[in-house]
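What follows is a set of notes on a single structure, which appears directly below.
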Amino acid sequence: MASDTILREVEASVATDPQPRRRTTFVNGDRVSRGWMVVVTIVMTIAAAYFLIPVLWLVIASTKTTGDLFSTPGFAFADFNLFENLAALSTYDDGIFWRWSLNSIIYSVIGSALTTLVCALTGYALAVYRFRGRKVLISVILASLLVPGTVIAQPTYVLLVGLGLDNTYAGLLLPALVYPFGVLLCFIYAQSAVPLELVEAARLDGAGELRIFGSLGLRLMGTGLVTVLLFAFLGSWNSYILPLLVLTDQELMPLTVGLTGWSQASITIPGLQILTVVGSLVSIIPIAIVFVSLQRFWRSGLTAGSVRG
């Protein structure tokens, strides 16, 4: 009887509670409101659609002929003509598209590798060594992130012309080595991943500074360097302003400049319109491959760099 009385009192208190508890769920041990989860899911879905819908249009448009490209709805398939378009892309102007692709690979792969090495050296030095003007130098690097790349493109071009590096591979590879964002990321990673006690122990064992950097610094910063490598690769692959200013030889142009030229010329040469679309589709394949293959390292690298141990 006593238990029945207690049960009725509990039911009555719940029924008269003016503020029922909100339904919550747990994500990785954290208590999260279900309403916020719905809002975040909707926002992320809209963001994904914003980026993926243009890619979907690009895939569909690449399968059409030039006539179907303008006579059919954008997201409706017509006669499947993808392989014929790829063949035309490969043979147009003696296969200049693949030459542009090779140039983009050279600029992006070699440039991003050298950029990552320079950023690793600079960030490691700022994190490990203590010298006069260190804080000022870090502040200058941080402030340089506020300067848009288009602002320094013209001065960089004038400098390259003065050095005789215009219209050369080096004219694009050397400016890419200056990457303040990568230096700042490497500085943060080095601070959190490279213990100063370990560096001092290596010095006591007789190891030189370069050996310490190569055997300890690079290995401990490995995950963060992959993140810098990915950002540098994407920036180099999508670079447009500087190649447009520096290069005049069509054989040296990357895909960004070459495809833009085709798009402008398609006003008077209608056949270039579909080739520009197909070329744009092919140009995003290397980016997708690199991103998917490095996604695991990139995600863990961002997590490691956001928290200092």
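The numbers here are math on the coordinates, done by the rules we state, and not lab data. Being a predicted model, the structure only gives us computed values, none of them experimental. We place every Cβ from the backbone using ideal geometry, glycine too, and count neighbours over all the protein chains shown.
Label-point separation (nm) for Y169 and L294, each offset 7 Å from Cα along Cα-to-Cβ?
Rounded to a tenth, the inter-label distance reads 2.0 nm.
Per-residue counts of other Cβ atoms within 10 Å, averaged by peptide: what ranking do you get for 129-140, 218-229, highest first?
Values: 129-140: 10.2, 218-229: 21.0.
Most protected by this proxy first, the peptides run 218-229, 129-140.
Could you compute the net charge surrounding N81? Neighbours are other residues with a C-beta less than 15 Å from the C-beta of N81; K and R count +1, D and E count -1.
On the way: positive: K64; negative: D68, D79, E84.
Residues close to N81 contribute a combined charge of -2.
Would you kindly state how much longer the chain becomes between A143 and D249 on full extension, computed as 0.36 nm times their sequence separation minus their alpha carbon distance, in nm to one decimal? Before the final figure, lay out the partial values.
Working: separation 106, 0.36 × 106 = 38.16 nm, distance 3.50 nm.
Taking 0.36 nm per residue and subtracting the Cα distance, the gain is 34.7 nm.
What residue among F213, A193, L245 has its Cα farthest toward the positive end of the dipole of the range 95-306, where the charges are +1 on Lys, Arg and -1 on Asp, Glu, each on the Cβ?
It is A193.
Please give, to one decimal in nm, the separation of the simple spin-label points placed at R211 and V59, each 7 Å out from Cα toward the Cβ.
Roughly 5.3 nm, to one decimal.
In terms of the Cα gyration tensor, with a ≥ b ≥ c the square roots of its eigenvalues, is the chain rounded because a/c is under 1.5, prolate because a/b exceeds b/c, or oblate?
On the way: a/c = 2.80, a/b = 1.20, b/c = 2.33.
Verdict is oblate for the chain.
The range 65-90 to the range 179-203: how many Å between their Cα centroids?
Using only Cα atoms to place each centre, the spacing works out to 51 Å.
Where in the chain are the DSSP H helices whose alpha-carbon span along the long axis reaches 30 Å or more and whose Kyte-Doolittle mean is at least 1.0? If you can, show how the numbers build up before the last one.
Numbers: long enough: 34-62 (41 Å, 1.95); 272-306 (46 Å, 1.33).
Result, helices passing both filters: 34-62, 272-306.
So if each residue of separation counts as 0.36 nm, and I subtract the Cα-Cα distance between V158 and I46, what length gain in nm does that give?
Details: separation 112, 0.36 × 112 = 40.32 nm, distance 4.27 nm.
That pair, V158 and I46, stretches by 36.0 nm at full extension.
What residue among S192, S108, S239 shows peak mean-square fluctuation when the chain is described by a Gaussian network model with Cα springs under 10 Å?
Largest GNM mean-square fluctuation: S192.
Show me 89-95, 278-284 ranked by packing, highest mean number of other Cβ atoms within 10 Å first. Before the final figure, lay out each step's value.
Details: 89-95: 13.1, 278-284: 19.0.
Per-residue Cβ counts within 10 Å, averaged per peptide and sorted highest first, yield 278-284, 89-95.
Taking the Cα centre of the chain as origin, sum charge times position over the Cβ atoms of Lys and Arg (+1) and Asp and Glu (-1), and report the length of that vector in debye to the nearest 20. Please report the intermediate quantities before stating the final value.
Working: 18 positive and 17 negative charges, 230 e Å.
I would put it at about 1100 debye.
If you build a Gaussian network model of the chain, linking Cα atoms that sit under 10 Å apart, which residue out of W237, W262, W100 swings the most?
W262
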